[in-house]
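The values are calculated or read from the model by the stated rules, or taken from the named source; none is laboratory data. What you see is a predicted model, and the numbers here were worked out from it, not measured in a lab. Using ideal geometry, Cβ is built from the backbone for each residue, glycine included, and neighbour counts are taken over all protein chains shown.
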């Protein structure tokens, strides 16, 4: 097992982790602001992949334009779902929102099955994204570089937005305490809507990345990545954006290294390992790596 | 006894009809159920064509005047939605159909096990068009019949082809550990390949839902002396595996079983990457003579496309095999149909090779077609009958 082998496995883990991190950010933002475990988040990811397919294959948009279209439609989906399914339940016990999000997830999946059938679809990207880049030690594709670069840019932009812009500060205030935020003149409905828009836009972009990388999409593709992003968010500390990023990379890396460094007989148990890790983290650090005790909100 | 009452009523209605109307209208239909995953998952790319094949054969029989002096085949197709629980529920619905003569279905062993057990309990024969585990009859019972060859036969054929024709000596084996079909296929491949004198460089496993094979690909790259990969995969991961292996710059021959007989194999990686791939399947549908030609032309006339893969032909053969058994039994009573099926000595109208159940076996022995993929185009390379 040479160092080139370990390096290439680390690269694989970083690519996978970037996608987990982007999905986990949306998960954590939505949880942070409305205390909702949104199980429909993985289906927004699926919607993102199908929107990309439609804009590339049906409408024939160039790839960069499709990227923008996907972010916007993903955000729109998030806003509409929040307005229809979650806003009427605000103030209800947490479990109500959780059930509502499961319902939304099942409705979205079935809607896709009814309209475009559940057969896996081919997802083709422009040829330049499939080109190989060789660094001498390892060889990766342009799409892999683009995934990591785009993920990092989006994450830095988001952290900057949340910490240094007025709207970002208002969002954090809303996450902290609805009543005080409202007293400060913050329109909390708008802040919640914004959290859904940003989170869902990022999930949709990760759907685009996933489809571009693996070349095949289906209406149920969001199930496992959605659950793993949830695990990533919990590992990082639910509600913390840097936590979701760290959690995503920790999960992606440990999943790939679990497969890559252990004997091949264990490769099939990667998902069992992921969810096992979740239980261990919850036992040792109930608030995750970077989280704080979120149940004490006033 | 609701169903007894209902069938008595049906018989009564039928006798009234005989008294009143023309005899052709009066004939009771022969009920046959077809269970397939048509709406969900990668298996739909096998099950959909199979169901079309079943329907086509039933229609051709009916157009030619039906069976047993003019009785029409009435086919009830039930979607099992890529879920084994749905398959069991569908089987329950099917066996409750009054006077059901036989069931047909499935292209996967796990699904066939879920459905066939209920047919076994109800005493109705179940003919699988595409599930290939040779252990199915032993696991289910005397109502279970296979139209295709068993996985032992196709894996042995591929192992011999790999060793003798491709000249491979040290291969990597990837197995989907979540399916009965794929785990069996790998076992039989390794058994024959090592018996021939080959070695297995590395055995790696994954689960059907996995999409990221980067860690497995990296391990393959780091293993020295590998000259081929046997990917025991279902249709869901066929295209993804080829794409990821080729994208890493690995050009080794990739071998597989009939789970690769799906359009996803060529469409997902695209024509440049889907190359140097070999897979085994049921005798091919493009042949120009005999039953294969009749089938291909009828399929094109009915659906406007050429048969998608060998599974369309298997569905067609399953329906034909049952019709043949009903004719020989002279009855649509499930018990008589089972006996006639077990006594099949050579059903020669089959597109995928003559079906005979020899010495109490309910798995036919048939030649295996080896397909070769070059730049996204699939063609028949050769036909192999493995040494037993």
Test: residue in region A:172-192 that is within 14 Å of another protein chain (Cβ to nearest Cβ), in a helix (DSSP H, G or I) and over 22 Å from residue A:28 (Cβ atoms): no
Test for residue B:327: is it more than 14 Å from chain A (Cβ to nearest Cβ) and out of contact with any helix residue (DSSP H, G or I) (no Cβ under 7 Å at 6 or more places or on another chain): yes
Residue B:184, sole failed condition from (1) at pLDDT below 95; (2) within 13 Å of another protein chain (Cβ to nearest Cβ): (2)
Total residues in region B:115-128, condition touching a residue at least 40 places away in the same chain (Cβ under 8 Å), touching a strand residue (DSSP E or B) at 6+ places or on another chain (Cβ under 8 Å) and not in a helix (DSSP H, G or I): 4
All positions within region A:98-141 that are surrounded by fewer than 18 Cβ atoms within 10 Å (Cβ to Cβ), in contact (Cβ under 8 Å) with a residue 12 or more places away in the chain and under 20 Å from residue A:57 (Cβ atoms): A:113, A:116, A:124, A:126, A:128, A:129
Some residue of region B:222-230 being in contact with a helix residue (DSSP H, G or I) (Cβ under 8 Å, 6 or more places away or on another chain), within 14 Å of residue B:178 (Cα to Cα) and free of Cβ contacts under 8 Å to residues at least 40 places away in the same chain: no
Selection status of residue B:234, over 15 Å from residue A:261 (Cα atoms), at pLDDT below 95 and away from chain A (no Cβ under 12 Å): no
Residue that is in a helix (DSSP H, G or I), buried (at least 24 other Cβ atoms within 10 Å of the Cβ) and on the phi < 0 side of the Ramachandran plot, where the choices are B:88, B:112, B:101, B:131: B:112
Of residues in region A:70-93 being more than 21 Å from the chain's Cα centre (by Cα) and in contact (Cβ under 8 Å) with a residue 40 or more places away in the chain, the one surrounded by the most Cβ atoms within 10 Å (Cβ to Cβ): A:90
Test: residue in region A:112-122 that is more than 14 Å from every other protein chain (Cβ to nearest Cβ), assigned to a helix (DSSP H, G or I), on the phi < 0 side of the Ramachandran plot and in contact with a helix residue (DSSP H, G or I) (Cβ under 9 Å, 6 or more places away or on another chain): no
Test result for residue A:29, within 14 Å of chain B (Cβ to nearest Cβ), in contact (Cβ under 8 Å) with a residue 60 or more places away in the chain and buried (at least 24 other Cβ atoms within 10 Å of the Cβ): no
Boolean, residue B:215 is at the interface with chain A (Cβ under 10 Å from one of its Cβ atoms) and either buried (at least 21 other Cβ atoms within 10 Å of the Cβ) or modelled with pLDDT under 95 (or both): yes
Condition met for residue A:230 (crowded, with 19+ Cβ neighbours inside 10 Å, more than 14 Å from chain B (Cβ to nearest Cβ), touching a helix residue (DSSP H, G or I) at 6+ places or on another chain (Cβ under 9 Å) and in contact (Cβ under 8 Å) with a residue 40 or more places away in the chain): yes
Per-region count, region B:345-388, residues closer than 22 Å to residue B:53 by Cα, surrounded by fewer than 17 Cβ atoms within 10 Å (Cβ to Cβ), assigned by TED's automatic domain parsing to the domain that holds residue B:275 and in contact with a helix residue (DSSP H, G or I) (Cβ under 9 Å, 6 or more places away or on another chain): 0
Options A:212, A:254: the member that is surrounded by fewer than 19 Cβ atoms within 10 Å (Cβ to Cβ), within 14 Å of chain B (Cβ to nearest Cβ), in a helix (DSSP H, G or I) and more than 15 Å from the chain's Cα centre (by Cα): A:254
Every residue from region B:134-167 that is over 16 Å from residue B:372 (Cβ atoms) and in a loop (DSSP other than H, G, I, E, B): B:134, B:135, B:141, B:142, B:143, B:147, B:148, B:149, B:150
Residue match in region B:274-282 (condition: away from chain A (no Cβ under 13 Å), crowded, with 24+ Cβ neighbours inside 10 Å and at pLDDT below 90): yes
Among (1) outside any loop (DSSP other than H, G, I, E, B); (2) within 14 Å of another protein chain (Cβ to nearest Cβ), the one test that residue B:82 misses: (1)
